[in-house]
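Undergrad: So that we are looking at the same thing, I have put the structure below in structure tokens.
The values are calculated or read from the model by the stated rules, or taken from the named source; none is laboratory data. If you're wondering where the values come from, they're calculated on a predicted model, not measured in any experiment. When we count neighbours, we look across all protein chains shown, and the Cβ atoms used for this are built from the backbone with ideal geometry, even at glycine. Keep in mind that these areas ignore ligands, DNA and RNA; they rest on the heavy atoms of the full protein, side chains included. Shrake-Rupley method; radii C 1.70, N 1.55, O 1.52, S 1.80 Å.
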Amino acid sequence: MTQAPQPVRLADYSPFGYLIDSVELFFTLDPTATRVKSRIKFRPNPEATDPRFFLHGEQLTLISAAIDGAPVSPDVTEYGLTCPVPNAPFVWEAEVEINPQGNTALEGLYMSNGMYCTQCEAEGFRKITFYPDRPDVMAPFTVHIDSDLPVKLSNGNPEASDGSLWNDPWPKPAYLFALVAGDLVAHSDHFTTASGKPVDLNIWVRAGDEDKCAYAMDALKRSMKWDEEEYGREYDLDVFNIVAVDDFNMGAMENKGLNIFNSKYVLASPETATDRDYAFIEAIVAHEYFHNWTGNRITCRDWFQLCLKEGLTVFRDQQFSGDMRSEPVERIGNVLQLRARQFREDAGPLAHNVRPETYIEINNFYTATVYEKGAEVIGMLRTYLGADLYRAGCELYFERHDGEACTIEDWLSCFEEIAATDLSQFKRWYSQAGTPKVSATWTRDGDTLRMTLSQQVPPTPGQPMKEPAKIPVSMGLLAGDGTEILPSTLIDLDSPSVDLNFDLAELAGGKAPDHVVPSLLRGFSAPVILDAPLSTQDRALLLAHDTDPFNRWEAGRSLLREMLLEEICARDISAAAEARRRLVWQALKDFCADASLDPAFVALVLTFPSEDDLTQATVDAGVVPDPVLISDVRTEHMRALGSWMQDTLMDFYNAVDPDTPYSPDAASAGKRALRNTALSLLSNPDNLDLARAQFDGATNMTDQLAALSVLIRDGDRTAAKAFEEQWQHDRLVMDKWFMISVASAPANEALNAAAALSQHPLFDWQNPNRFRSLMGGLVANPAAFHDPSGAGYTFVTDWLLKMDSANPQTAARMSTAFETWRRYDADRQGMMATALDRMAATPDLSRDLGEMVARMRA
Ligand code: PHE
Ligand code: ZN
């Protein structure tokens, strides 16, 4: 009988009893019997009170151990070992044996297509050797690799030309350790830092893939330069290596000097990667590179501080993408993601703080809340302080804490000091879960506009009561003729409500306008849900005239959403609704007439809210969502708008010459995005000629996949087959095919498609990308996943349980498909709860999935 897993608590932190002066590791690689020898110089930590010598270690066979050369017999359990040690500096030596081939969890040392690689964050190093596997124990590492494989890599600088010896001079926690060995080829380049230091850059891939690395390499060089210019951060080793692996649980990993990437975020060619893939590659290469300072040189004291490195690094990569591409388009994309993933998480049973205070399995906390909301919190800090004080605070942080393992308090103190301000209320963003709701109301009193902004932070699991958050609300005012009479102004909503008075005559410089429209939360200045009583006409005015591009898009989006909701919620199907529908259509058409707009931006405005967005909006409107109805209404409205706007959309479609040579830059991608958005709106089961022609003639994956998605959606059965034949040799392209074959399929066919694909010879389920493509494809088709029969729930549950026995981390992450179960009707709730309970009752369920299921059912 195994004991129930115990929670770890932030409040229980205490430092490790020993410091480490150096770590030396010797690997003798073998697929099933790799030997790892360690030689570690420990000394008592004067700052610690607990002298227990506990080294983490899991799934290790201990061969021998010695202290100062004398053999010892430690007390070994399933989780690690303890051993009496001298109360003075000593040298610990151990030898263990591990089985990389048998490692299907992809954590620790494992094999992927004949190549050895590692993944240690968060707690994987303990599967490599016995060690204090916690981020506050930092040490310089030397690594010896004995293997016949031609390429051998580890952290830091090479000390032997054959890759058998590596030295990383920068002290680091074990989670940043990495080792790779395989038959790899490099795409190489160079970078010279601002202070003139040369750096060798290599991207290591399998032979045949070396021509797909140019974009990632370019993104890396731009990231290095950008971090020098924007944050004053230079690279600090002689080499920077990136390795692409096919089997990887996450996107990528920032191991010091040796980033390891999921190959889908490295490899790109116009024929095989979409514009979206290129954008992700750029962002993730930047993200991992930026971790060199925010994460590696300064790391986290404990895993509760995860947002210290992740929120900040996401914020940095978002700034970078905004500078490289269109800032408003990037901002809208980030907010779409935040709402789709983080708001969803925050509204359900998995809601947690940006800095959690307790966990059972830390792998379950690499979440949208820690990452994306964590990034929003940094953005708000910068909004409050201004760019200059923000930069100065960052400089202080880098200077003061270089080489340390820090907390959120350390980070915030730097800004309190630089700006001479008190951030204690702001800090609630780290300790209160739930998405705050900001309500705005206003009345006209003569020439005065009286406005009240109020806030409410909803209860979340374990947090029934909330204190007022500090919310930066950026706002402007537009007159009824569309002129801006109040440019962006920052309101500090730091109490339950704030009253504002605007003298409209003064603002307008003369006569007060008859009608004014507030433009609130410009640029999405805070991660909140805004409730403002804007009429359809007001929204149309903002779509046409707002000077803030984010709010222009937001106005268009809310017009579409409200139009769809009227029907989904059966609120009003009268003539008034028909009139409003015409107003929305006309507003969109007028918007489209502005030829000066960025096509990428227009594409975003014309993109309908997702089915999941509409589901949440339905719940917010107090109506039980019917996934099938939502899907049908959305499709019907897309077709109706598409045919009403046919001429405009055809003009957009024809504005791009599909034979222009492919370039991944944002401007070219934006043109393709608009063309493909138009294609999606113009096509329907009776009108697929355009899509067929595009599919047949496509010379890049963006256009080919966009056409395929439309064809699958509208019932064409031949294109998917042709695509499969064309691309069956290419893993990354086939991942797209698995995904889209289910995600885009009509709801009544998607379940059968998923079942058939799970038997496909290329459904290599233990590969996380492939598994996520198929399961994620079904979950992305809510009308199919939530099929009234419950078959979608059963299918996903069966596969989650199967995956859990091989790779708990990947199973647990996918289980969030069930986090919204309380949204639905009693039948669906019952079936989803039954699915969760079936998982909970499964013998040998992992700690990862066990914790997720328990939280979802709590
Ligand atoms: N630290 C990685 C990142 O955000 C994510 C990651 C976490 C990768 C855990 C692997 C395992 O860049
Ligand atoms: Zn990260």
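Undergrad: Go through the stretch 232-283 and report how many residues are open to solvent by 20 Å² or more (accessible area, probe 1.4 Å), within 16 Å of ligand 2 (Cβ to nearest atom) and acidic (Asp, Glu).
TA: Going through the stretch 232-283 one residue at a time, the tally reaches 0.
Undergrad: Within the stretch 338-349, track down each residue that is open to solvent by 30 Å² or more (accessible area, probe 1.4 Å), part of a helix (DSSP H, G or I) and in contact (Cβ under 8 Å) with a residue 60 or more places away in the chain.
TA: First, the residues of the stretch 338-349 that are open to solvent by 30 Å² or more (accessible area, probe 1.4 Å): 339-341, 344, 347.
Still in the running and part of a helix (DSSP H, G or I): 339-341, 344.
Matches in the stretch 338-349: Arg339, Ala340, Arg344.
Undergrad: Do we have Gln646 as polar (S, T, N, Q) and open to solvent by less than 40 Å² (accessible area, probe 1.4 Å) here? Can you show your working first?
TA: Details: polar (S, T, N, Q): yes; open to solvent by less than 40 Å² (accessible area, probe 1.4 Å): no.
Criteria not met by Gln646.
Undergrad: Next up: Looking only at helices (runs of 4 or more DSSP H) that fall completely inside the stretch 765-809, which ones have 3 or more residues that are more than 23 Å from Thr635 (Cβ to Cβ) and modelled with pLDDT of 95 or more? Don't jump to the end; show me each part of the working.
TA: Details: elements: 768-779, 782-785, 791-806.
In the stretch 765-809, the matching helices (runs of 4 or more DSSP H) lie at 768-779, 791-806.
Undergrad: Does Phe315 satisfy the criteria of being open to solvent by 20 Å² or more (accessible area, probe 1.4 Å) and either aliphatic (A, V, I, L, M) or away from ligand 1 (no atom under 16 Å from the Cβ) (or both)?
TA: Criteria not met by Phe315.
Undergrad: Among the residues of the stretch 458-482, write down those that are outside any strand (DSSP E or B) and either at pLDDT below 95 or out of contact with any Ser or Thr (no Cβ under 8 Å at 6 or more places or on another chain) (or both). Please lay out each step first, then the result.
TA: Start the filter on the stretch 458-482 by keeping residues that are outside any strand (DSSP E or B), which leaves 458-459, 461-462, 464-470, 480-482.
Listed by number, the residues that qualify are Pro459, Pro461, Gly462, Pro464, Met465, Lys466, Glu467, Ala469, Lys470, Gly480, Asp481, Gly482.
Undergrad: Which of the residues belonging to the stretch 284-310 are open to solvent by less than 10 Å² (accessible area, probe 1.4 Å), in contact (Cβ under 8 Å) with a residue 24 or more places away in the chain and not in a helix (DSSP H, G or I)?
TA: Listed by number, the residues that qualify are His291, Asn292, Gly295, Asn296, Ile298, Thr299, Cys300.
Undergrad: Of the conditions (1) assigned to a helix (DSSP H, G or I); (2) within 16 Å of ligand 1 (Cβ to nearest atom), Glu230 satisfies every one except a single condition; which number is it?
TA: (2)
Undergrad: Which ones in the stretch 257-283 are over 23 Å from Val143 (Cβ atoms), within 13 Å of ligand 1 (Cβ to nearest atom) and either aliphatic (A, V, I, L, M) or in a loop (DSSP other than H, G, I, E, B) (or both)?
TA: Correct list: Ala283 only.
Undergrad: Considering only the stretch 364-408, state which residues are of a type in the set (Lys, Arg) and either open to solvent by less than 30 Å² (accessible area, probe 1.4 Å) or not in a helix (DSSP H, G or I) (or both). Explain how you work it out, then say what you get.
TA: To start, the set of residues in the stretch 364-408 that are of a type in the set (Lys, Arg) comprises 373, 382, 391, 400.
The one that is of a type in the set (Lys, Arg) and either open to solvent by less than 30 Å² (accessible area, probe 1.4 Å) or not in a helix (DSSP H, G or I) (or both): Lys373.
Undergrad: Sticking with this structure for a sec: Are there any pairs, at least 6 apart or on different chains, whose C-beta atoms fall under 8 Å, with the first in the stretch 373-397 and under 15 Å from Ala420 (Cβ atoms) and of a type outside the set (A, V, I, L, M) and the second open to solvent by less than 10 Å² (accessible area, probe 1.4 Å) and in a helix (DSSP H, G or I), and if so, which?
TA: Within 8 Å, the pairs are Tyr390/Leu381; Tyr390/Phe415; Gly393/Cys414; Gly393/Phe415.
Undergrad: Given the structure, is Thr443 out of contact with any helix residue (DSSP H, G or I) (no Cβ under 8 Å at 6 or more places or on another chain) and within 30 Å of Ala577 (Cα to Cα)? Break it down into steps so the answer makes sense when it comes.
TA: Values: out of contact with any helix residue (DSSP H, G or I) (no Cβ under 8 Å at 6 or more places or on another chain): yes; within 30 Å of Ala577 (Cα to Cα): yes.
It is true that Thr443 is out of contact with any helix residue (DSSP H, G or I) (no Cβ under 8 Å at 6 or more places or on another chain) and within 30 Å of Ala577 (Cα to Cα).
Undergrad: Being assigned to a helix (DSSP H, G or I), more than 22 Å from Glu229 (Cβ to Cβ), of a type outside the set (Ser, Thr, Tyr) and more than 14 Å from ligand 1 (Cβ to nearest atom): is that true of Val335 here?
TA: yes
Undergrad: Here is a follow-up. What about Ala784, is it surrounded by fewer than 23 Cβ atoms within 10 Å (Cβ to Cβ) and either hydrophobic (A, V, I, L, M, F, W, C) or touching a helix residue (DSSP H, G or I) at 6+ places or on another chain (Cβ under 9 Å) (or both)?
TA: On the way: surrounded by fewer than 23 Cβ atoms within 10 Å (Cβ to Cβ): no; either hydrophobic (A, V, I, L, M, F, W, C) or touching a helix residue (DSSP H, G or I) at 6+ places or on another chain (Cβ under 9 Å) (or both): yes.
The answer is no for Ala784.
Undergrad: Within the group Ser154, Ser147, Ser161, which residue is of a type in the set (Ser, Thr, Tyr), over 31 Å from the mean Cα position of the chain (by Cα), crowded, with 17+ Cβ neighbours inside 10 Å and away from ligand 1 (no atom under 16 Å from the Cβ)? Steps first, please.
TA: Details: Ser154 fails: over 31 Å from the mean Cα position of the chain (by Cα); Ser161 fails: crowded, with 17+ Cβ neighbours inside 10 Å.
Sole residue among the options that is of a type in the set (Ser, Thr, Tyr), over 31 Å from the mean Cα position of the chain (by Cα), crowded, with 17+ Cβ neighbours inside 10 Å and away from ligand 1 (no atom under 16 Å from the Cβ): Ser147.
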